[in-house]
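One structure is given here, and the rest of the page talks about it.
The values are calculated or read from the model by the stated rules, or taken from the named source; none is laboratory data. Quick caveat, the model's predicted, so the values are computed rather than measured. Using ideal geometry, Cβ is built from the backbone for each residue, glycine included, and neighbour counts are taken over all protein chains shown. Ligands, DNA and RNA are stripped out before the accessible areas are found, and what is left, the full protein with its side chains, is counted by its heavy atoms. Shrake-Rupley method; radii C 1.70, N 1.55, O 1.52, S 1.80 Å.
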Amino acid sequence: GTVYEHLKRAIDFCLKSVSKRGIPKIMNGDWNDTLDKVGPEGKGETVWGAFFLAHVIKKTFELLRYKNDTKTIKAWQKEFDKLREVTNKVAWDGEWYIRAFKDDGSPLGTSKSSQGKIFINSQTWSVISGCAPKERGDRALASVKKYLAKGNGIQICYPSYRKVEENVGLISRCVPGKKENGAIFNHASSWFVLASIINGDADFAYDIYSRM
């Protein structure tokens, strides 16, 4: 097949690999592969993955229009709208977006948790994807600024895990402040810079970039 056909098949595969309510399955981890026990039974969901998939779909529209592929545009626009609707319906925690849902349906990255309350990627990608309404995008990034911004970038999560959680995974076995357990990754921090610019706060984006 052509590259175009492979692209369409890849995205269609992702759109079919979702939970009953339409959120991508996290299985044994996503970008953060230390969340390896969140969804091994195939029921756990990745909210970050939903935002990421929505962004990928949105990025294809220019190409689809160029190819005059109106059938795929209509189908994928509906899928984008569904991802935006479901994430805002079930994953908004009040001040930020939940990171994932475990196999048992319980949330990961919520204010009710004693550790791992907030994760960076579901906040930044809610804005990058265009799924977050402006007010929620403002609050999500403000929460990142409040809890995760450090002297040399943005922490992946806060607070670090100090007790093992078997249904979360390797992240809870890492030394607090190291690796995915609260360390600062330039990869994730750079996504915050992008999200902050998109959201209209170029000054803070530059501040974080300078810290990095």
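Odds and ends about this structure:
- Here the ratio of the Cα radius of gyration of region 166-212 to 2.2 N^0.38 Å is 1.45.
- Largest accessible area first, the listed residues Lys150, Lys102, Lys163, Lys178 line up as Lys163, Lys178, Lys150, Lys102 when surface is computed with a 1.4 Å probe on the assembled protein chains.
- In region 90-186, GluC sites (Glu not before Pro) in a DSSP loop with at most 14 other beta-carbon atoms within 10 Å: Glu166
- Centre-to-centre, using Cα atoms only, region 177-205 and region 30-65 are separated by 18 Å.
- When the convex hull of its Cα atoms is projected in every direction, mean area for region 53-151 (nm²): 7.8 nm²
- Candidates per trypsin sites (Lys or Arg not before Pro) in region 20-71, loop by DSSP, up to 10 other Cβ within 10 Å: Lys20
- Spatially proximal lysines relative to Lys150 (Cα-Cα < 22 Å; intrachain offsets below 8 disregarded): Lys117, Lys178, Lys179
- Percent of alpha-carbon pairs separated by more than 21 Å within the chain: 53 percent
- Rough spin-label spacing in nm, given labels placed 7 Å along Cα→Cβ, for Phe61 and Ala142: 2.8 nm
- Portion, in percent, of the accessible area of region 132-197 that falls on carbon or sulfur, probe 1.4 Å: 54 percent
- Placing +1 on the Cβ of every Lys and Arg and -1 on the Cβ of every Asp and Glu, with no other charges, gives region 117-212 a dipole of roughly 340 debye about its Cα centre.
- Tilt relative to the chain, helix 134-147 - C-alpha long axis, 0 to 90 degrees, to 10: 30 degrees
- Between the beta carbons of Glu95 and Lys16, assuming R0 = 30 Å, the FRET efficiency works out to 0.35 to the nearest 0.05.
- Per residue, in Å², the accessible surface of the chain once ligands and nucleic acids are set aside, probe 1.4 Å: 51 Å²
- Taking the longest Cα principal axis of the chain as reference, the axis of helix 70-90 is set at about 30 degrees.
- Of the solvent-accessible surface of region 57-110, computed with a 1.4 Å probe over protein heavy atoms with every protein chain present, carbon and sulfur atoms account for 50 percent.
- Helical content of the chain, expressed as a calculated mean residue ellipticity at 222 nm, amounts to -15500 deg cm²/dmol (DSSP H runs of 4 or more residues, -39,500 (n - 2.57) each, divided by residue number, nearest 500).
- Peptides 8-18, 113-123, 167-177 ordered by average Cβ neighbours within 10 Å, highest first: 113-123, 167-177, 8-18
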